[in-house]
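For reference, the structure discussed in these notes is given below.
The values are calculated or read from the model by the stated rules, or taken from the named source; none is laboratory data. Owing to the predicted nature of the structure, the values given are computational and were not obtained by experimental measurement. Positions of Cβ are backbone-derived with ideal geometry, glycine not excepted, and every protein chain shown enters the neighbour counts. With ligands, DNA and RNA removed, areas are computed over all heavy atoms of the protein, side chains included. Shrake-Rupley method; radii C 1.70, N 1.55, O 1.52, S 1.80 Å.
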Amino acid sequence: MNKSKNTSFLGKESLAQKMEKLKQEMGTGESPNSAQEIVKSNNKAKKSLSKDSSTKSKTAPKLFISGRLDRKKHTYIAKSLSLLASLEEEIKIYCRGGDLTILNYLIKEGLKNVKKSAVPINVEVEEIENNIS
């Protein structure tokens with residue numbers, strides 16, 4: 001292969017020429033003059049994206065679970081489950097830690113409330129789906 005010293009992986013044109021063509025094709029007469037301006041515009045875009053995602057959860061978590069499940073010491077049974085999207089969102093807002101550990105804790109606390117009940121509890125699925133906020 002015989003490459004001239006002006007040929008690059010971009011082809012025969014330099015990067016500046018390709019950028020000039022792109023800005024003309026896009027109809028903008030102006031383009032960032034330096035790499036610093038490109039980095040600044042990328043940072044602004046990232047900040048706006050992070051602001052959008054951070055507005056979801058302004059509430060501080062109320063449950064922190066640390067550590068890992070000890071599958072050697074305790075018996076765990078794998079279960080497949082379907083979790084309502086709204087419940088998952090609330091768990092992400094209010095809880096921090098491993099997903100399975102959080103679910104085990106929440107189930108344990110729910111069972112405590114069921115055990116305390118003096119009368120049997122009858123719940124319709126529709127109630128759960130409609131009343132979850």
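Taking Cβ atoms as reference points and 12 Å as the exclusive limit, the residues near Tyr76 contribute a net charge of +4, counting Lys and Arg as +1 and Asp and Glu as -1. Overall size of the stretch 55-113 from C-alpha positions, given as principal axis extents largest first: 40, 24, 22 Å. Of the listed residues Arg96, Arg68, the order by accessible area with a 1.4 Å probe, largest first, is Arg68, Arg96. For the stretch 56-116, the set of chymotrypsin sites (Phe, Trp or Tyr not before Pro) satisfying both a DSSP loop assignment and a count of at most 15 other C-beta atoms within 10 Å is given as Tyr76.
Subtracting the Cα-Cα distance from 0.36 nm times the residue separation, let me have the gained length for Glu90 to Ala78 in nm, one decimal. Don't skip to the end; give the middle numbers.
Numbers: separation 12, 0.36 × 12 = 4.32 nm, distance 2.33 nm.
Taking Glu90 through Ala78 to full extension adds about 2.0 nm, to one decimal.
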